[in-house]
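Q: There's a structure below that I have some questions on.
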């Protein structure tokens with residue numbers, strides 16, 4: 001049996017699905033989009049207190065709040081995009097079972113909806129960067145490129161995870177645990193320089209860590225991210241997207257029966 | 001005239017697997033495949049509709065009416081047989097399908113229109129006629145959760161017909177509208193028929209079916225019990241009950 005083709009306006013469809021998510025999430029909150037700022041601000045403050053005042057810290061020459069936020073923003077986006085992406089197909093059972101809409105669109109739209117929060121948090125980060133006296137530099141032009149790769153990487157993960165989650169509903173719990181481990185394995189509150197030599201490679205191939213490094217290179221040190229890092233990020237994004245799409249295509253014919 | 005929708009010896013089965021969605025179930029599937037009992041929702045169903053014809057589906061609950069519509073929409077795949085559709089398909093399969101109850105009517109209208117394949121420009125051009133046809137203008141900025149079932153159907157049907165489908169599939173929901181809306185739907189469906197569009201309608205209301213459809217397919221336990229002209233099949237269906 002061949003698949004029925006959907007004809008329509010993909011850009012308009014994405015725009016509407018992203019707006020829909022955004023409206024649903026914020027309609028019933030009195031503080032609206034401020035909620036997107038409160039979580040990173042609270043975390044940033046706690047960590048600045050903990051590592052600035054209580055425990056010793058490295059990276060003393062850099063403004064610690066910006067340093068932490070360079071780690072928190074990519075990590076928060078990873079968590080948000082992966083969790084909403086992974087459950088998106090099951091959460092949108094009403095669409096899968098009753099509306100003919102290209103199914104790939106659903107996890108991708110879930111990831112892109114998180115970009116709205118990302119932009120808000122990013123605004124905060126840039127504001128703080130400048131507020132701590134770090135000037136914008138030419139390497140800021142790298143930011144859209146590294147984030148585009150990162151979003152691609154997450155679209156791939158969300159496609160794969162959302163398809164698997166239809167058949168194995170424990171997937172989300174596995175991802176939650178994985179996420180907790182990742183929090184410690186991504187250099188959010190510690191710097192690259194304290195990682196022992198033999199683990200450096202391991203950190204470099206982790207795309208989340210790679211993004212944190214790239215962010216710190218650009219925003220804190222005012223230098224271009226190393227080419228090897230960019231290469232790793234490009235490879236990770238391509239592999240994740242390719243694999244995610246392959247898994248999704250393989251599993252989607254029977255979504256209807258399993259949801 | 002061209003064939004708009006054709007089912008050729010279509011069989012669709014489902015596996016009984018309520019609540020079996022965990023990792024251990026998938027591992028069991030691997031260990032001993034196809035042990036679970038299968039349920040035949042449709043068995044060897046064939047029919048063919050020319051462009052401009054309208055078909056009513058009748059039968060008891062679980063007879064396979066919705067399964068036909070789901071397959072025709074392209075939401076699930078047949079196990080055997082083939083399904084051919086010519087042109088754009090739009091489906092109205094459940095009350096409020098694709099609507100979110102926290103969004104307003106106007107917001108849902110746009111999301112739904114985008115999902116049905118309308119472009120930004122088409123929505124801009126058609127939004128007024130959609131709202132007019134639905135008759136829910138004064139509630140447009142209210143969240144959908146305050147809409148009655150009838151109002152929800154009105155909006156959904158208005159968007160669906162505005163998508164200008166070649167084949168329109170409707171499951172039951174029209175029965176929730178009032179008499180005035182029936183008359184509007186009837187008018188729209190007549191207009192569609194003269195434009196060579198095809199409609200498939202599943203309903204328990206034989207009255208609605210005879211009003212809107214020329215042909216009727218009577219399903220019983222997933223098999224075609226009878227098909228033919230609306231009067232003929234509806235008469236036989238009523239006689240059997």
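Q: Cα axis of helix A:64-91 to longest principal axis of chain A: angle in degrees, 0 to 90, nearest 10?
A: Compared with the principal axis, the helix lies near 10 degrees.
Q: Another question, then. Of the residues B:108, B:61, B:70, which exhibits the maximal mean-square fluctuation in a Gaussian network model of chain B defined by a 10 Å Cα contact cut-off?
A: Judging by the Gaussian network model, the answer is B:61.
Q: Within a 10 angstrom radius of the beta carbon, how do B:104, B:3, A:7 rank from fewest other beta carbons to most? All intermediate terms of the calculation are to be shown ahead of the outcome.
A: Values: B:104 19, B:3 14, A:7 7.
Placing the least packed residue first, the sequence is A:7, B:3, B:104.
Q: Averaged across the residues of B:99-106, what count of C-beta atoms belonging to other chains lies within 10 Å of each residue's C-beta? Display every interim value, and only then the final one.
A: On the way: counts 2, 5, 1, 6, 5, 2, 0, 0.
The per-residue average across the peptide is 3.
Q: Could you work out the helix-only [θ] at 222 nm for chain A, with each DSSP H run of four or more residues adding -39,500 (n - 2.57) and the total divided by the number of residues, to the nearest 500 deg cm²/dmol?
A: Counting only the DSSP helices, I get -24000 deg cm²/dmol.
Q: Here is a follow-up. Just need the relative contact order of chain A here, percent rounded to a whole number, with Cα pairs under 8 Å and 6+ apart. Don't skip to the end; give the middle numbers.
A: Numbers: 280 pairs, mean separation 70.0, N = 259.
Answer for chain A is 27 percent.
Q: Any idea what angle helix A:171-185 forms with the longest principal axis of chain A, computed on alpha-carbon atoms, 0 to 90 degrees, nearest 10?
A: 10 degrees
Q: Suppose only helical runs count, i.e. DSSP H with n ≥ 4. What mean residue ellipticity at 222 nm does that imply for chain B under -39500 (n - 2.57) per run, divided by all residues and rounded to the nearest 500 deg cm²/dmol?
A: On the way: 8 runs with 92 residues, N = 241.
Taken over chain B, the calculation gives -11500 deg cm²/dmol.
Q: Let me ask something else about it. What number, in nm² with one decimal, is the all-direction average of the projected area of the convex hull of the alpha-carbon atoms of the stretch A:150-244?
A: Working: hull surface 26.6 nm².
One quarter of the hull surface, i.e. the mean projection, equals 6.6 nm².
Q: Quick check: the distance between the Cα centres of the stretch B:68-83 and the stretch B:119-144, to the nearest angstrom?
A: If you average the Cα positions of each part, the centres end up 31 Å apart.
Q: Students often check this: by mean Cβ neighbours within 10 Å, which of B:72-78, A:91-97 ranks highest, and how do the rest follow? Working shown, then result.
A: Working: B:72-78: 19.7, A:91-97: 17.7.
Going from most to least packed, we get B:72-78, A:91-97.
Q: Here is a follow-up. Calculate the mean, over all residues of peptide A:170-176, of how many other protein chain Cβ atoms lie within 10 angstrom of the residue's Cβ. Walk me through the intermediate numbers first.
A: On the way: counts 5, 1, 0, 0, 1, 0, 0.
Mean shielding count: 1.
Q: Sticking with this one: When you look at the Cβ of every residue in B:118-125, what mean number of other chain Cβ atoms sits within 10 Å? Write out the running numbers ahead of the final one.
A: Numbers: counts 4, 5, 6, 2, 3, 3, 0, 0.
What the average comes to for B:118-125 is 3.
Q: Could you give me the percent of Cα pairs per 5 Å distance bin for chain A, shortest bin first, beginning at zero and ending with the bin that holds the maximum distance?
A: 1, 6, 12, 16, 18, 16, 13, 9, 5, 3, 1, 0, 0
Q: Then there's this: So how far, in whole Å, is the C-alpha centre of the stretch A:80-116 from the one of the stretch A:220-259?
A: Between the Cα centres of the stretch A:80-116 and the stretch A:220-259 lies a distance of 16 Å.
Q: While we're looking at this one, here's another question. Hey, what's the Kirkwood Rh for the stretch B:95-164 if you take every pair of different alpha carbons, in angstrom?
A: Values: mean 1/r = 0.0864 Å⁻¹.
Result for the stretch B:95-164 stands at 11.6 Å.
Q: Right, next: Radius of gyration and Dmax for the protein assembly as shown's Cα atoms, expressed in Å?
A: Both quantities, over Cα of the protein assembly as shown: 27.0, 89 Å.
Laboratory data are not the source of any read-out in this text; all were calculated from the coordinates shown. Note that the structure is a prediction, hence the values are computed from the model and not measured. Using ideal geometry, Cβ is built from the backbone for each residue, glycine included, and neighbour counts are taken over all protein chains shown.
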